[in-house]
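Here's the structure we're looking at; comments come further down.
The values are calculated or read from the model by the stated rules, or taken from the named source; none is laboratory data. Since the model is a prediction, treat every value here as computed from it, not as a measurement. Reconstructed Cβ throughout: ideal geometry from the backbone, glycine too, with neighbour counts over all protein chains shown. The protein model used for the area step is the full one, side chains on, heavy atoms only, and it has no ligands, DNA or RNA in it. Shrake-Rupley method; radii C 1.70, N 1.55, O 1.52, S 1.80 Å.
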Amino acid sequence: MTQDEYHAALPGHADFALPATPPPKPLNGNRPGRRRPALPATEVHPPAQLEAAPPEAAAPAPARPEPGDPEPARGADPIDVWDRRVAGGLAFLRRRLAGAYEVDDFGFDPELNDAVFQPMLKVLYRDWFRTEVFGIENVPDTGGGLVVGNHSGTLALDALMLTVALRDQHPKDRHLRLLGADLVFRLPVLSELARKAGATVACNPDAERLMSHGELVGVFPEGFKGIGKRFSERYKLQRFGRGGFVSAALRTGTPIVPVAIVGAEEIYPILADLKPLARLLGMPYFPVTPTFPWLGPLGLVPLPSKWLIEFCPPIPTAHLTEYADDPMVVFNLADQVRETIQATLHSLLEKRPDPFGL
Amino acid sequence: MVTGVSRFLGARVAARLAADPRVDRVIGLDPFAPSPALAGLLTDVELIRADARAAGTAIAELGAEAVVHLAVTSAPDPQSGGRAAMKEQNVIGTMQLLAAAQGADRLRKLVVRSSTAAYGASFRDPAVFTEDTEPRAVPRGSFARDILDIEGYVRGFRRRRPDVAATVLRFAPFISSTAETSLTRYFAQPLIPTVLGRDARLQFVHVDDALEILHRSVVEDHPGTFNVAGAGVLALSQAVRRAGRVSLPLPEGTLSSAAALARNIGVGQIGLDQIDLFVHGRVVDTGRLVKEFGFTPRTTAAAFDDFIHGHRGGRALSADRLAAAEHAILDGIRRVRAAATQDQEHVAP
C-alpha cells in the first residue's frame with residue numbers, strides 16, 4: 001500500500017488534522033471531583049453531551065438516594081447505617097475467606113478491585129493529584145477499545161490513575177485492562193497484584209483476546225523508554241516501538257483512543273539514571289530523583305503535581321482489518337496516534353501553567 | 001486397543017468402550033495387572049500383560065482399528081522404578097507403540113493422551129493458550145518434557161500416516177470426588193504449601209467429562225489437537241479457600257528443596273511440574289473442543305466443587321462455619337448496641 005492509496009482508503013484520516021485547541025484557560029484552582037454532578041446542568045459541550053447525557057442523567061438518579069440515604073437515616077436510627085456497613089464488611093470478608101468470588105481467565109478479580117484497589121488509588125487520584133479528566137465521551141460505552149497513552153513518571157502510576165479515571169468518570173464505569181511489561185509478571189507479589197487488578201502481559205494474543213471480548217485495553221507503547229526518561233525530556237514522546245498495538249487493534253477492528261496524561265512527569269523527576277547499578281540489579285533504569293534514594297522509603301512518596309487527562313476522539317479501524325500485516329499502514333497509524341497525543345499534551349500543558357498549582 | 005488399563009483412566013475408558021455396541025472388541029495392553037478395584041470394571045476387556053514393545057505384534061495380529069494411548073504417567077512412582085521407569089514408559093513406550101501403529105494397515109484411528117503441560121511455563125506466555133501456541137521455553141518438569149517428546153512423535157506419525165485420524169487431547173489436571181492424582185492428594189492435605197507471592201490461575205477437568213471426550217474421539221472422527229479443560233478459572237488461593245484448607249506460602253526455592261527432600265524420602269509427589277504450575281498458572285481456550293465435539297465439559301469451579309464434596313474431612317474453614325461466625329458477630333454487635341441504648345434510656349430520665 002502506497003502513501004496515496006493509504007490516504008484514499010482512509011477518507012476520515014486523509015484530511016486528518018490535529019484537534020482544534022480550545023482557547024486555553026487556566027484550570028488551576030478548580031477542585032475536581034465535584035464537577036461531575038454539575039456537568040449536565042451547565043451543558044458546556046452540547047453536541048458531545050447529547051450521547052453522553054442520557055446515561056449521565058440516568059446514573060446520578062439511582063445513585064443519588066444512596067449518598068443521601070445516610071443523612072435522614074442518621075437522624076432516625078444511627079444503628080441501622082452502621083449495622084448495614086458492618087454486615088456488608090463481614091459478608092465481604094466471608095466471601096473472600098470462603099473463596100466465593102469469580103476470577104476471569106486473565107486472573108482479573110472485579111470484586112477485590114472495586115472493594116480494595118480502586119478506593120485506595122482514588123485517594124491518590126482525587127486528593128493528592130487533583131486529577132481532571134476531559135473528553136471521557138470519546139471512550140466507547142460498549143465494546144472493545146484500545147486506549148493508547150503517553151507513559152511517564154518512573155513508576156507506572158499514570159497507568160493506575162487512568163484505570164481510576166475510567167472507572168470513576170466514565171458513564172458506564174468501565175474497567176481498563178492494562179497491558180504490562182513482562183518484568184512486572186516476573187516479580188512475585190507484584191505480578192499477582194497486577195493480574196488481580198486486570199492487567200496481563202503485553203503480547204498480541206492477550207490484547208486481541210481482550211479486545212475481541214469487548215474489553216477496554218490500555219497500552220503504553222513507549223514502555224520503559226517513557227517512564228525512565230530524564231526530567232529534562234518531559235512531555236517529549238519517545239519511540240513507539242514496532243506498533244504491535246496498532247496491528248492488534250487492526251486485526252480485531254477495535255477503535256483506538258489516544259489519551260494524553262499531564263502531571264505524571266513531575267511526580268518523581270529523574271535527574272540522573274545510574275545505568276551500571278540498574279544493570280547490576282536487573283532493572284531497566286535506576287532513577288535518582290530529588291528525594292530518592294536520599295530519603296530512603298520517604299523518597300517513594302510522589303510529588304503532588306496537578307494532573308490532567310484528556311481522551312482524544314477515537315480512530316476507527318474496522319475498515320482496515322485486512323491491512324493488519326501491512327507495515328506501512330501500521331506505522332502510519334502509529335504515527336498518527338503519536339502526533340495526536342503529542343499535540344494534546346502541548347495543549348494540556350498550556351492549560352496548566354503551574355505544575356504544582358491547585 | 002487401549003494402553004495403560006491398569007490405571008484409573010485407562011480402565012474406565014476400556015470399560016466404557018466395551019459397553020458401547022459400536023465397538024466389537026476391546027483389548028487392554030499393560031505391563032502390570034490392574035488392581036482388584038479396577039479389575040471388576042474390566043470383565044469385558046481382553047487383557048494382554050505386555051509392555052509397548054509387544055504392541056507391534058499385538059496390533060498387527062489383532063488387526064486393531066483404533067489405538068487409544070493412555071499409558072502416560074504424570075509423576076514418577078517410587079514403587080515402580082521412579083523417574084527412569086516413568087521416562088521409559090512415557091517416551092520409549094510411545095515411540096514403540098507409534099512405530100508399531102505405523103506398520104498396521106488396518107489402523108484408522110489413534111487417540112493420544114497429552115496434557116496442557118505441553119505449553120511449558122514462561123513469564124512471557126500469553127494468559128490463555130490456544131492449540132496453536134508454541135511453548136516459549138523447554139519446561140523444567142520431567143512430565144512436561146515427556147509430553148513435548150510424545151507430541152513430537154505424534155507429529156511424525158501424522159506425517160507418515162496421513163490416512164490415520166490422529167487425535168491429541170491436551171487435558172487439564174483431572175479432578176473428581178474419587179480420582180487420585182498428585183494434585184488431588186495435594187488439595188486433600190489440611191495445610192497446603194504454596195509459592196510465596198504467586199497465585200496461579202488453575203483449570204481442572206472432571207474425570208467423567210474426560211472419559212466422555214475420550215470415548216467420543218474413539219467412536220467418532222475428530223482428528224486434530226484439542227485442549228480439554230473446564231471453562232473458567234480458579235486462583236490457587238481461591239481453590240485452597242473453597243476446599244476449606246489453609247495455605248502455607250513458602251518462597252519458591254524453599255518449596256523446591258522441600259519437595260525434593262520429600263520426594264527422596266518417598267513422601268509427597270510435588271515435582272518441578274507442579275511448582276511450575278503454581279508459579280505460572282495455566283489457562284487454555286477450549287473453543288475448538290466445544291465446536292468439534294459438540295460437548296462442553298463442566299466448568300472448573302463445578303469440577304472442583306465435586307472434588308470438595310468427596311473430601312469433606314480435614315477442613316479447617318468451611319463456608320458454613322464462616323457464615324455462622326458472621327451471624328454470631330453481627331448478633332453480638334446488635335446485642336451490645338441494644339444494651340447500650342437501653343442503658344442510655346435508663347440514664348436519660
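Pairs please, first residue from the stretch B:319-331 and within 9 Å of another protein chain (Cβ to nearest Cβ), second anywhere and of a type outside the set (Lys, Arg) and open to solvent by 70 Å² or more (accessible area, probe 1.4 Å), Cβ atoms under 7 Å, 6+ apart in sequence or on different chains.
Here the result reads B:LEU322/A:LEU97, each pair linking the stretch B:319-331 to a residue that is of a type outside the set (Lys, Arg) and open to solvent by 70 Å² or more (accessible area, probe 1.4 Å).
Among helices (runs of 4 or more DSSP H) lying entirely in the stretch A:141-237, which contain 2 or more residues that are closer than 21 Å to A:VAL262 by Cβ and at pLDDT 95 or above? Outline the logic, then answer.
Working: elements: A:157-169, A:182-186, A:190-196, A:204-212, A:224-227.
Answer list for the stretch A:141-237: A:157-169.
Here is a yes/no grid of residues against (1) basic (Lys, Arg); (2) under 20 Å from B:GLU252 (Cα atoms); (3) more than 14 Å from every other protein chain (Cβ to nearest Cβ):
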site	(1), (2), (3)
B:ARG158	yes, no, yes
B:ARG161	yes, no, yes
B:PRO173	no, no, yes
B:LEU183	no, yes, yes
B:ILE192	no, yes, no
B:ARG198	yes, yes, no
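Where the second residue is polar (S, T, N, Q) and assigned to a helix (DSSP H, G or I) and the first is within 14 Å of chain A (Cβ to nearest Cβ) and lies in the stretch B:269-292, which pairs have Cβ atoms under 7 Å and are six or more apart or on separate chains?
Listed pairs, sorted by first residue: B:ILE275/B:SER256; B:ARG282/B:THR116; B:VAL284/B:THR116.
Would you call A:LEU187 out of contact with any helix residue (DSSP H, G or I) (no Cβ under 6 Å at 6 or more places or on another chain), facing chain B (nearest Cβ under 10 Å) and surrounded by fewer than 17 Cβ atoms within 10 Å (Cβ to Cβ)?
Details: out of contact with any helix residue (DSSP H, G or I) (no Cβ under 6 Å at 6 or more places or on another chain): yes; facing chain B (nearest Cβ under 10 Å): yes; surrounded by fewer than 17 Cβ atoms within 10 Å (Cβ to Cβ): yes.
Yes, satisfied.
Restricting to the stretch B:214-234, name every residue that is surrounded by fewer than 22 Cβ atoms within 10 Å (Cβ to Cβ) and within 17 Å of the chain's Cα centre (by Cα).
In the first step, residues of the stretch B:214-234 are kept if they are surrounded by fewer than 22 Cβ atoms within 10 Å (Cβ to Cβ); the result is B:215-216, B:219-225, B:231-232.
B:HIS215, B:THR225, B:ALA231, B:GLY232, listed by residue number.
Please work out which one of (1) more than 11 Å from chain B (Cβ to nearest Cβ); (2) farther than 17 Å from A:PHE311 by Cβ; (3) touching a residue at least 40 places away in the same chain (Cβ under 8 Å) is the condition A:GLY143 fails and give its number.
(2)
Restricting the search to the stretch B:251-301, which residues are in a loop (DSSP other than H, G, I, E, B) and small (Gly, Ala, Ser)? Can you show your working first?
Taking the stretch B:251-301 and keeping what is in a loop (DSSP other than H, G, I, E, B), we get B:251, B:266-271, B:281-283, B:285-286, B:294-299.
Passing the criteria: B:GLY266, B:GLY268, B:GLY271, B:GLY281, B:GLY294.
Restricting to the stretch B:99-156, give me the number of residues that are within 14 Å of chain A (Cβ to nearest Cβ), in a helix (DSSP H, G or I) and open to solvent by 30 Å² or more (accessible area, probe 1.4 Å).
Taking the stretch B:99-156 as the starting set, the residues that turn out to be within 14 Å of chain A (Cβ to nearest Cβ) are B:116, B:119, B:121-137.
With the extra rule that they be in a helix (DSSP H, G or I), the set shrinks to B:116, B:119.
Then keep just the ones that are open to solvent by 30 Å² or more (accessible area, probe 1.4 Å); that gives none.
The total comes to 0.
Quick check on B:ALA229: is it touching a helix residue (DSSP H, G or I) at 6+ places or on another chain (Cβ under 9 Å) and within 13 Å of chain A (Cβ to nearest Cβ)? I'd like the intermediate steps shown before the answer.
Details: touching a helix residue (DSSP H, G or I) at 6+ places or on another chain (Cβ under 9 Å): yes; within 13 Å of chain A (Cβ to nearest Cβ): yes.
Taking the combined requirement at face value, the residue satisfies it.
Just a yes or no: is a residue in the stretch B:246-263 within 15 Å of the chain's Cα centre (by Cα), among the aliphatic types (A, V, I, L, M) and away from every other protein chain (no Cβ under 13 Å)?
Here is the first cut: in the stretch B:246-263, the ones within 15 Å of the chain's Cα centre (by Cα) are none.
There is no residue in the stretch B:246-263 that is within 15 Å of the chain's Cα centre (by Cα), among the aliphatic types (A, V, I, L, M) and away from every other protein chain (no Cβ under 13 Å).
What about A:ILE261, is it touching an Asp or Glu at 6+ places or on another chain (Cβ under 9 Å), within 23 Å of A:LEU348 (Cβ to Cβ) and of a type outside the set (Phe, Trp, Tyr)?
Considered against the rule, which asks whether it is touching an Asp or Glu at 6+ places or on another chain (Cβ under 9 Å), within 23 Å of A:LEU348 (Cβ to Cβ) and of a type outside the set (Phe, Trp, Tyr), A:ILE261 comes out as yes.
Conditions first: (1) at pLDDT 90 or above; (2) open to solvent by less than 40 Å² (accessible area, probe 1.4 Å); (3) in a helix (DSSP H, G or I). A:ALA87 passes all but one, so which condition is the exception?
Result: A:ALA87 fails condition (1) only.
Please state which of the following conditions B:GLN89 fails to meet, knowing it meets all the rest: (1) away from chain A (no Cβ under 14 Å); (2) touching a Ser or Thr at 6+ places or on another chain (Cβ under 8 Å); (3) buried (at least 23 other Cβ atoms within 10 Å of the Cβ).
(3)
Among the residues of the stretch A:254-272, is there at least one that is within 30 Å of A:ILE136 (Cα to Cα) and open to solvent by 30 Å² or more (accessible area, probe 1.4 Å)?
Yes: the stretch A:254-272 contains one or more residues that are within 30 Å of A:ILE136 (Cα to Cα) and open to solvent by 30 Å² or more (accessible area, probe 1.4 Å).
Out of (1) of a type outside the set (D, E, K, R); (2) closer than 27 Å to B:ASP305 by Cβ; (3) more than 18 Å from the chain's Cα centre (by Cα); (4) away from chain A (no Cβ under 12 Å), what's the single condition that is false for B:GLN238?
Going through the list (1) of a type outside the set (D, E, K, R); (2) closer than 27 Å to B:ASP305 by Cβ; (3) more than 18 Å from the chain's Cα centre (by Cα); (4) away from chain A (no Cβ under 12 Å), B:GLN238 breaks only (4).
Just to confirm my filter: which strands (runs of 3 or more DSSP E) fall fully inside the stretch B:13-84 and include at least 1 residues that are without any contact (Cβ under 8 Å) to a residue 60 or more places away in the chain and either among the charged types (D, E, K, R) or open to solvent by 10 Å² or more (accessible area, probe 1.4 Å) (or both)?
B:27-30, B:46-49
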